[in-house]
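The values are calculated or read from the model by the stated rules, or taken from the named source; none is laboratory data. Bear in mind that the values here come from a model prediction, so they are computed numbers and not experimental data. Neighbour counts run over all protein chains shown; Cβ positions are idealised from the backbone, glycine included. Calculation scope for accessible area: heavy atoms of the full protein, side chains included, ligands and nucleic acids excluded. Shrake-Rupley method; radii C 1.70, N 1.55, O 1.52, S 1.80 Å.
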Amino acid sequence: MPIPADNLKIDRSFVSQMQAGNRNYQVVSTIIALSNQLGLAVIAEGIETPQQLQWLQELGCEFG
């Protein structure tokens with residue numbers, strides 16, 4: 001049974017609190033990995049710093 005969605009959205013609350021290796025970083029990493037397994041696009045909300053953008057790109061986030 002297909003999932004009735006085309007993408008997964010990462011809430012800004014996770015993105016804004018990302019630090020290398022912390023829990024939110026791991027949650028974001030897991031959401032991106034899950035979306036890849038399901039063939040869904042990933043959209044990150046609330047990207048505010050170049051560091052957040054870099055981490056998201058390194059993790060494979062497609063859209064922000």
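Values for this structure:
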{"quantity": "Residue in segment 27-38 that is free of Cβ contacts under 8 Å to residues at least 24 places away in the same chain and in contact with a strand residue (DSSP E or B) (Cβ under 6 Å, 6 or more places away or on another chain) present", "calculated": "yes"}
{"quantity": "Restricting segment 1-59 to residues that are hydrophobic (A, V, I, L, M, F, W, C) and assigned to a loop (DSSP other than H, G, I, E, B), the residue that is most open to solvent (accessible area, probe 1.4 Å)", "calculated": "Met1"}
